[in-house]
């Protein structure tokens, strides 16, 4: 689908990536990985891939599109073995192209090496340049390929101990050099490794299979889909190794202040996924809606969510305000991502391809429309017009997250400063731009309180896209103008 038109239909930040790894003797790990990726499809719809190994030979299949488009019975059948990793991708660094699809798989002196990555390295440009200067050829613009080649390189070239060729040592060397966000699953000849950066910016959890074996995944929904039981999160700075002897843990790097992306609670994670302290994302979203109702009450008749992601917050707003919750927008849940572009006539109807108003519920009503976020501001206006066309007399917009004023440099496509409507307009100007009768955002304090109350503790989260307070230093080359220059010159995709 034309990316520009896709953005017209979806004003959410895009979902980083989903990673999955499994070690299970006697099981069809390729098929289990397929269903794990299927459960993680919301985290990336651009490409998908699976690597398997039988302890000697590694096999891979990957392609552009949704998991169900990339894999068939015929291309799953050759993926043999008892360990596997998988990946869903939405591009952050690296353009939308098959060469940037993951996992990456290369052959090394110590056997196959497969890597699947969720996040962004903030020093990827320097690492990329060092690899090129050493004569390492790179076929993509993704920082994930940089990670793969770093792990494959002799330890001495990255300052490691001479002769240190065990994968755990190489992983430690990588973690000592890497800056930014990464949740990684790594496949070697006989083991699966899972690791997170020192701040735990991107999620990663561990599960157990009932008949033996372990699973790691970006979210717990992938575990339950294949019958695995949630065990715990991979800790920031931790290295998990899964092999024939079971699961072992080692410290890869000293952990820093926890700063998992709070947008996991706002939007990214599936509502039935458990995060951090084993709490469901759905519970946090309802709390956000309740606090939003206290912060921005309004005299209205009904509460309507923007389906499906804002439904829990709209339920919370309804429960707190006493206003009835009802459906007002019906979503075409099958539009997803398509490679068939609409003609000009369909482009003009735009948002109607994805939503239609439910007139019976809207006629003559003052409506509170709850959304979870407004990023570029290109869908709220059309949705408000749909509600008015459906008979709503007033449309009051309530957003269950604060204004998104800053980009993310740690693995989320949060748009640039130039594109972020809340960076360039006041709340009143945004209200006028989208045509709402009133507009209210959840405060940063309210959002943090909702998550803290859900978890029962304050474990620390990254709120940079709202507050501008980044948990790690952001180099100049990642900012808008410098990055655009690098892309233009072909140094970064």
### Query
Each label point is 7 Å from the Cα along the Cα-to-Cβ direction; what then is the distance between the points at residue 476 and residue 272, in nm?
5.0 nm
### Query
Once the range 202-335 is represented by equal point scatterers at the alpha-carbon sites, with solvent omitted, what log10 I(q)/I(0) does the Debye formula produce at q = 0.18, 0.22 Å⁻¹?
-1.00, -1.24
### Query
Hey, what did the chain get for relative contact order, percent, Cα under 8 Å, at least 6 apart?
14 percent
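Counting pairwise Cα distances across the range 26-65, what percent come out greater than 17 angstrom?
Working: 266 of 780 pairs.
Across the range 26-65, Cα pairs with separations above 17 Å total 34 percent.
Based on the Cβ-Cβ distance of residue 72 and residue 353, what FRET efficiency does E = 1/(1 + (r/R0)^6) give at R0 = 22 Å, to the nearest 0.05?
0.20
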### Task
Rank the residues 461, 61, 296 as a footprinting-exposure proxy: fewest other Cβ atoms within 10 Å of their Cβ go first.
61, 296, 461
### Query
Length gain on complete extension for the stretch residue 467 to residue 108, per 0.36 nm per residue less the alpha carbon to alpha carbon distance?
124.9 nm
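Among 136, 370, 306, what is the fewest-to-most ranking by other Cβ atoms within 10 Å? Spell out each step's value before the answer.
Values: 136 16, 370 28, 306 25.
Arranged by neighbour count, lowest to highest, 136, 370, 306 become 136, 306, 370.
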#### Entry: Binned Cα-Cα distance frequencies in the range 9-258 - 5 Å width, integer %
1, 7, 15, 20, 22, 18, 11, 5, 1, 0, 0
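How large is Rg over Rh for the chain, taking Rg from the Cα atoms and Rh as the Kirkwood inverse mean of 1/r across Cα pairs? Present the calculation step by step, with values, prior to reporting the outcome.
On the way: Rg = 22.7 Å, Rh = 23.2 Å.
We get a ratio of 0.98 for the chain.
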### Residue-span extension gain [residue 126 to residue 438] - 0.36 nm each, minus C-alpha spacing
107.7 nm
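Starting from the Cα-Cα distance between residue 429 and residue 138, subtract it from 0.36 nm times their residue separation and give me the gain in nm to one decimal.
Numbers: separation 291, 0.36 × 291 = 104.76 nm, distance 4.55 nm.
Result for the pair: 100.2 nm of gain on full extension.
Please arrange 270, 333, 89 by how many other C-beta atoms lie within 10 Å of their C-beta, fewest to most. Spell out each step's value before the answer.
On the way: 270 18, 333 9, 89 30.
Taking fewest neighbouring Cβ atoms as first place, the list is 333, 270, 89.
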### Task
Using just the alpha carbons, could you tell me how many Å³ per residue the convex hull of the range 370-446 encloses?
91 Å³
### Query
Got the relative contact order for the range 9-258 handy, in percent, Cα pairs under 8 Å and 6 or more residues apart?
20 percent
### Query
Where does helix 281-295 land angle-wise versus the long Cα axis of the chain, in degrees 0 to 90, nearest 10?
30 degrees
### Message
How tilted is helix 311-321 with respect to the longest principal axis of the chain? Cα atoms for both, answer in degrees (0 to 90, nearest 10).
### Response
40 degrees
#### Entry: Share of alpha-carbon pairs per 5 Å distance bin for the range 39-125, given as whole %
3, 14, 24, 24, 18, 11, 5, 1
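I want to verify the translational diffusion coefficient of the range 199-242 in µm²/s; compute it with Stokes-Einstein, Rh as the Kirkwood radius over Cα pairs, at 4 °C and 1.567 mPa s.
Numbers: Rh = 10.6 Å.
D, rounded to a whole number, is 122 µm²/s.
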### Summary
the range 279-458: spread of alpha-carbon positions along the three principal axes, whole Å, largest first, is 51, 41, 32
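Starting with the highest mean, order 446-455, 381-390 by the number of other Cβ atoms within 10 Å, averaged over the residues of each peptide.
Ranked from most to least packed, the peptides come out as 446-455, 381-390.
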## Note on the structure
Once both label points are put 7 Å beyond Cα along the C-beta direction, the residue 385-residue 245 separation in nm becomes 6.5 nm
## Note on the structure
Helix 143-152: inclination vs the chain longest Cα principal axis, degrees, rounded to 10, gives 20 degrees
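Readers should treat all values here as calculations from the given coordinates under stated rules, not as data from a laboratory. Every value quoted in this text rests on a predicted model; they were computed, and no experiment measured them. Backbone-built Cβ (ideal geometry, glycine too); neighbour counts: all protein chains shown.
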